[in-house]
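Please read the structure below before turning to the comments.
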Amino acid sequence: TQGEHIERELVLLKLKVKPEQADAVRGYVVRASGKVLDPVVDGFIVELTASEVEVNRFIDDLAGGAEILEVVRSGAL
């Protein structure tokens, strides 16, 4: 890890989303290169692969438009 390398982290998030926020949250996920894996009536399961810093920012930003119910993170790979 002292030399040049690439690190990525996989995160899965279970979100509770108000219907009026659904389009905004889905748009943010897509712009962040994430995927909505399982859209349900009042929420989403979201997948994102990014650096640890990007994942942390993504989670913080999503907290403004959705309630985060569960988070599963792989750690740096």
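The values are calculated or read from the model by the stated rules, or taken from the named source; none is laboratory data. Just so you know, these numbers come straight off a predicted model, no measurement behind them. Counting neighbours? That spans all protein chains shown, and the Cβs are built from the backbone with ideal geometry, glycine included. Side chains included, ligands, DNA and RNA excluded: accessible areas come from the protein's heavy atoms. Shrake-Rupley method; radii C 1.70, N 1.55, O 1.52, S 1.80 Å.
What the table shows:
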quantity: Trypsin sites (Lys or Arg not before Pro) within the chain, DSSP loop, no more than 15 other Cβ atoms inside 10 Å; calculated: 8
quantity: Accessible-area composition of the chain, carbon plus sulfur, in percent [1.4 Å probe]; calculated: 52
quantity: Size-normalised alpha-carbon gyration radius of the chain, reference 2.2 N^0.38 Å; calculated: 1.14
quantity: Loop GluC sites (Glu not before Pro), segment 2-77 (other Cβ atoms within 10 Å of the site Cβ: 14 or fewer; DSSP); calculated: 4, 7
quantity: Mean accessible surface per residue for the chain, computed with a 1.4 Å probe while every protein chain stays in place, in Å²; calculated: 68
quantity: Positive-pole candidate from 64, 77, 41, dipole of the chain, charges at beta carbon; calculated: 41
